Amino acid sequence: MKNMKNTEIEKVDLKIVSVSVPRDQVEILLAFKNEFPSRNCDRKLADGVLQSPSANITSWTKDANSFDGVSFDEKTGAVTELNLRGACINGTIKANSNLFRFQHLRYLSLSMNHFDTSSFHAGFGRLTNLEYLDLSQNGFIGQVTSSISNLSRLNTLDLSYNKFTGPFPNIQNLTLLSYIDLSNNDFSGTVPSYLFTMPSLWYINLRQNHLTHPREDINSSETSKLQHLDMANNLLSCRILEPISKLAKLTELDLSFQNTPDTINFDSLPFKSLESLDLSGNVITRLNIGKAPSLRYNSFLSNAFHGSFPMIPPTMQTIYASNNHFTGDIPLSLCNASGLGRLDLSNNNFSGSIPRCLISKSLGTLKLHNNNLIGTLPYIEKSGLQILDVGHNQISGKLPRSLVNCTSLMFLNVENNRINDTFPFWLKALPDLQIIVLRSNRFHGLISSPRSHHPFPALRILDISHNNFYGSLPGNYFANWSSPLLKIPRADYPWLKYTGEQHSTYTPEYYPSIYMRNKGLNMELEKIPEAFTAIAISGNRLGGEIPESVGLLKSLIMLDLSNNSFTGHLPSSLANLKQLESLDLSQNQLSGEIPQELRVLTFLAYLNVSHNKLTGQIPQSTQIVGQPKASFEGNMGLCGLPLQESCFRDNVPTSTPQTPEKVLNWEAAAIGYGPGVLFGLAIGQALALYKPMLFYKLFRL
């Protein structure tokens, strides 16, 4: 569920009003400032975006005519607003804090600071004029005291992302409250039944707590204004569905990840306005949503559904149903949802073929991976499809040439099927195609591209591993590739953005994913950074020399040419790939020495040249000698660390490293050929710095 705040409430401009400020208000402001001598401006990440400070309290002085982040009443000069969101304040708000002396305060935002170990003191209850209170994303602890009930004028309350404990706050008397967010805390006990009958409340977010079902009956009011209700990741029983289904204006409901073994049957629930439903991560065995009148969004992924897929209303726009046990054919009734934009049926037991009518003009995302689907991919008429993932099925035949009708396609994954075809050069006409995964099929033939000025202009990831491609690569082969691989990445590249985020229709929990082998490990990359570029052509029958033009791929971070029949020397131009983190050339017929120029690859975390015919001294750089011995075994002529075999001239390099700015003769060819065929798979330098953001899982191929 989206964290939707009323824009009129959330968007409060920072006011700096020049008025005659009473001396007592100045004294209180400076006294409050002096409570926090420590400053911490690490700018917390909120939704992957670095936040800039909104106010600088260090600028507050006794002689100032205005105060950053402070608004005053134009007549009395009293402080009415404190907007200190992300102001880098570090410390503890004490029970006698000067904050509680601002008796005329109507707006208070202290979110995204560092008030670690602070409590919700009784002093907050003295700010009886408050209409807006935001203490989110801090380190508040303990219980919310009963003094909160004094804030009778409050319409917005945000205590999210703290460490509050204890029972649900006593807000029954706050009859003007329209927005409440207590998500991501440690509240426990029961949800009060009065919450669903409060007269002004339209938004409730209780996600990620330890709350249980109300003890008393819920008398849901038909006149309730409640529209958005998020109670995911709690301990609620699905018995709560019946009373909240009577909320006439409820449009968005999230009950995902509960301890709910009950059976849900929508035939008996009178939802009137529901548009978005998320029941994912529960233990639900039966569901019928066919009579839900206006449902547009539904997520019931990661449940225990068995049997055939339920009937769905034709108004449905989004369906997430992955990680269940659905069987049988994909129902043709899904084609009746003419506005269906996203469909995820992956990780089930669907069989049969993919209905041709399923890929409509409105469908932007289709994920069917890891089922038992057979037959061929259907003919596709003009479509708005952006993501197509049918990997890990039993699909055969050829790729339909009608894929060129998907002019917005950016992600294509058909891995681990039985597709028997040549390399799809005809996809080069798609201007937005960024990622192609063909691994583990029966593709065959040559992969050297016919000369073209602008083939695959956006392609940055291609995995054609474990097929039957053969032949050699011409010397200018990599000069034809796309600009995302040929250009050096900008220093300010948004490393924390992921594929799919540029399309506003994507929700945070849904991104395309790929399986890959990187740095010697098999993993599932659940979210794909926009800076992720890579080449994987291992496990084929490619031969001849590795083209020297590989050094033109300046943004490449992972290159896997293993398990082929490449011969000749390792190209010294590999030293130009300054972003390279993973290089696998194992299981080939390469000979000669490892170029000493590779010592300049300071980001190289993984190198494997085992089982070739290499000779001479291993380049003695920290990145290379730190590799395991197994990375160099199977080469009878190699010597030097990390192998035990010493070289007679350990202190004399066998070749002279060239300068890091070596210019290839192929650069002129790159300009002449233009961006072209890309076979890239790479992970950028910054990905190593942001590994927690990669969302990867290990797996077995």
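The values are calculated or read from the model by the stated rules, or taken from the named source; none is laboratory data. Keep in mind it's a predicted model, so treat the numbers as computed, not measured. Here Cβ is always computed from backbone atoms with ideal geometry, including for glycine, and neighbour counts include all displayed protein chains.
For region 233-257, taking the residues that are in contact with a Leu (Cβ under 8 Å, 6 or more places away or on another chain) and modelled with pLDDT under 85, the one that is nearest to THR223 (Cα to Cα) is identified as SER245. Of all residues in region 611-635, those that are in the same structural domain as GLU545 (by TED's automatic domain parsing) and closer than 16 Å to GLU581 by Cα have Cβ atoms under 8 Å from Cβ atoms of residues that are hydrophobic (A, V, I, L, M, F, W, C) and part of a strand (DSSP E or B), 6 or more apart or on another chain, in GLN623/LEU607; ILE624/LEU607; GLN627/LEU607; SER631/LEU607. Filter region 481-524 down to the residues that are assigned to a helix (DSSP H, G or I) and either modelled with pLDDT under 50 or within 22 Å of ASP584 (Cβ to Cβ) (or both) and list them by number. Residues satisfying the conditions are PRO484, LEU485, LEU486. Residues in region 203-216 that are touching a residue at least 40 places away in the same chain (Cβ under 8 Å) and either polar (S, T, N, Q) or over 19 Å from GLN143 (Cβ atoms) (or both): TYR203, ASN205, ARG207.
Among the residues of region 563-593, those identified as within 18 Å of GLY626 (Cβ to Cβ) and in contact with a strand residue (DSSP E or B) (Cβ under 6 Å, 6 or more places away or on another chain) are SER582, LEU583, ASP584, SER586.
Filtered by the rule that a residue be surrounded by 11 or more Cβ atoms within 10 Å (Cβ to Cβ) and modelled with pLDDT under 85, region 629-645 gives a lone residue, GLU645.
Can we say SER582 is surrounded by 15 or more Cβ atoms within 10 Å (Cβ to Cβ), within 26 Å of LEU553 (Cβ to Cβ) and over 40 Å from the mean Cα position of the chain (by Cα)? Walk me through how you get there before you give the answer.
Values: surrounded by 15 or more Cβ atoms within 10 Å (Cβ to Cβ): yes; within 26 Å of LEU553 (Cβ to Cβ): yes; over 40 Å from the mean Cα position of the chain (by Cα): no.
No; evaluated as a whole, the condition is false for this residue.
LEU585 - would you say it is at pLDDT 95 or above and within 19 Å of GLY637 (Cα to Cα)? Yes, satisfied.
When the residues of region 203-244 are filtered to those that are of a type in the set (S, T, N, Q) and farther than 23 Å from SER280 by Cβ, which remaining residue is surrounded by the fewest Cβ atoms within 10 Å (Cβ to Cβ)? Can you show your working first?
To start, the set of residues in region 203-244 that are of a type in the set (S, T, N, Q) comprises 205, 208-209, 212, 219-221, 223-224, 227, 233-234, 237.
Pick out the ones that are also farther than 23 Å from SER280 by Cβ and you get 219-221, 223-224.
Numbers: ASN219: 11, SER220: 18, SER221: 15, THR223: 9, SER224: 20.
Filtering region 203-244 for residues that are of a type in the set (S, T, N, Q) and farther than 23 Å from SER280 by Cβ, the one surrounded by the fewest Cβ atoms within 10 Å (Cβ to Cβ) comes out as THR223.
Looking at region 165-198, which of its residues are within 20 Å of LEU253 (Cβ to Cβ) and part of a loop (DSSP other than H, G, I, E, B)? First the steps, then the outcome.
To start, the set of residues in region 165-198 that are within 20 Å of LEU253 (Cβ to Cβ) comprises 168, 177-184, 187, 190-198.
Those that are within 20 Å of LEU253 (Cβ to Cβ) and part of a loop (DSSP other than H, G, I, E, B): PHE168, LEU177, SER178, LEU182, SER183, ASN184, VAL191, PRO192, MET198.
Among strands (runs of 3 or more DSSP E) entirely within region 379-453, having at least 3 residues that are at pLDDT 90 or above and under 18 Å from ARG342 (Cα atoms) singles out 387-389, 411-413. Listed by position, the strands (runs of 3 or more DSSP E) enclosed by region 531-572 that each have at least 3 residues that are of a type outside the set (D, E, K, R) and touching an Asp or Glu at 6+ places or on another chain (Cβ under 9 Å) are 534-536, 565-568.
Does GLY397 qualify as being within 30 Å of the chain's Cα centre (by Cα) and closer than 19 Å to LEU427 by Cα?
Values: within 30 Å of the chain's Cα centre (by Cα): no; closer than 19 Å to LEU427 by Cα: yes.
No: the conditions fail for GLY397.
Regarding SER408, is this residue among the small types (Gly, Ala, Ser) and either buried (at least 16 other Cβ atoms within 10 Å of the Cβ) or closer than 21 Å to GLN394 by Cβ (or both)? Judged against the criteria, SER408 is not a match.
Scanning region 598-619 for residues that are at pLDDT below 85 and either in a loop (DSSP other than H, G, I, E, B) or among the acidic types (Asp, Glu) (or both) turns up nothing.
The rows are residues; the columns are (1) surrounded by 12 or more Cβ atoms within 10 Å (Cβ to Cβ); (2) over 26 Å from ALA122 (Cβ atoms); (3) modelled with pLDDT under 85; (4) assigned by TED's automatic domain parsing to the domain that holds LEU127.
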| site | (1), (2), (3), (4) |
| --- | --- |
| LEU14 | yes, yes, yes, yes |
| ILE28 | yes, no, no, yes |
| ALA46 | yes, yes, yes, yes |
| SER52 | no, yes, yes, yes |
| PHE67 | yes, yes, no, yes |
| GLY77 | yes, yes, no, yes |
| ARG85 | yes, no, no, yes |
| ILE93 | yes, no, no, yes |
